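Colleague: Supplied in structure tokens, the structure appears directly below.
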Amino acid sequence: MFEILLILHILAVCCWLGGAMYERFFIVGGVKRAKGTELEIPMIKLMLGTAAFFLTSVVVIFVTGLIMTLMNGYGILDWSWVGVKQYIFLLILLIFFLIIGPRMGRIGMQVKAAQDKGTGVDDATRVLIRRIVIIFDIMHVGVLINIILAVTKRF
């Protein structure tokens with residue numbers, strides 16, 4: 001049972017990290033290249049649409065990680081390599097739900113309003129996009145730290 005959970009956990013982490021790299025290098029790059037063109041709004045919508053993919057990975061990581069933690073007798077949010085991973089994961093979740101999620105919702109409304117008016121997005125929307133991309137990058141560093149902790153099992 002543990003091995004199956006571990007495989008699911010690793011696959012979800014690979015999806016998250018692989019999706020993050022694809023999003024960062026191709027989708028965000030596409031949004032930047034499409035600035036001021038008719039492709040800008042569809043590229044922004046594509047970027048906003050990736051949230052469901054990442055949230056699915058997060059749910060799988062959370063559930064499998066929690067079960068494996070309990071199976072191995074580790075504590076929840078204790079001071080060990082597993083606990084540090086949990087703190088980082090919790091911080092990532094809080095950042096997403098308290099900062100990124102609301103900003104993505106605001107960007108979505110601004111993009112819809114621009115599309116309804118038949119205009120392109122304004123600079124305020126582009127600033128919000130740049131800011132969430134920076135926050136995404138910081139979150140992905142947390143994912144990398146968690147991977148390092150998992151591989152080395154050192155603290």
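Please treat every number below as a calculation from the coordinates, not as lab data. These numbers were taken from a predicted model, which means no experiment stands behind them. All Cβ positions, even for glycine, are placed from backbone atoms using ideal geometry, and neighbour counts span all protein chains on display.
Colleague: Could you state the angle between the C-alpha long axis of helix 81-95 and the longest principal axis of the C-alpha atoms of the chain, as a value from 0 to 90 degrees rounded to the nearest 10?
Modeller: Tilt of helix 81-95: around 20 degrees.
Colleague: Still on this structure, please answer the following. How would the range 2-152 be classified by its alpha-carbon gyration tensor: rounded, prolate or oblate, with rounded meaning a/c under 1.5 and the a/b versus b/c comparison settling the rest?
Modeller: In terms of gyration-tensor shape, prolate.
Colleague: Rounded to whole Hz and in sequence order, give me ³J(HN,Hα) for the range 113-120 from the Karplus expression 6.51 cos²θ - 1.76 cosθ + 1.60, θ = phi - 60°, writing x for Gly and Pro.
Modeller: Once θ is set to phi - 60°, the couplings for the range 113-120 become 5, 5, 5, 5, 7, x, 10, x Hz.
Colleague: Ranked highest first by the average count of other Cβ atoms within 10 Å around their residues, in what order do 69-79, 48-58, 83-93 fall?
Modeller: Ranking, from highest mean packing down: 83-93, 48-58, 69-79.
Colleague: Mind listing the phi-derived Karplus ³J(HN,Hα) values for the range 51-63, rounded to whole Hz, using 6.51, -1.76 and 1.60 with θ = phi - 60°, and x for any glycine or proline?
Modeller: For the range 51-63, the Karplus curve yields 4, 4, 4, 5, 5, 5, 4, 4, 4, 5, 4, 4, 5 Hz.
Colleague: Which net charge results for the neighbourhood of residue 139, defined as the other residues with beta-carbon distances under 12 angstrom from its beta-carbon, given Lys and Arg at +1 and Asp and Glu at -1?
Modeller: Neighbour charge sum, excluding residue 139 itself: -1.
Colleague: Using the crude model of +1 on Lys and Arg Cβ and -1 on Asp and Glu Cβ, and no other charge, please compute the dipole size for the range 1-113 relative to its Cα centre, in debye to 20.
Modeller: Computed charge dipole of the range 1-113: roughly 520 debye.
Colleague: Per-residue HN-Hα couplings for the range 98-108, Karplus 6.51 cos²θ - 1.76 cosθ + 1.60 at θ = phi - 60°, whole Hz, x for Gly and Pro?
Modeller: Each residue's phi maps through the Karplus curve to give 9, 10, 6, x, x, 5, 5, x, 5, 4, x Hz.
Colleague: Could you compute the net charge surrounding residue 126? Neighbours are other residues with a C-beta less than 11 Å from the C-beta of residue 126; K and R count +1, D and E count -1.
Modeller: Residues near residue 126 contribute +1 overall.
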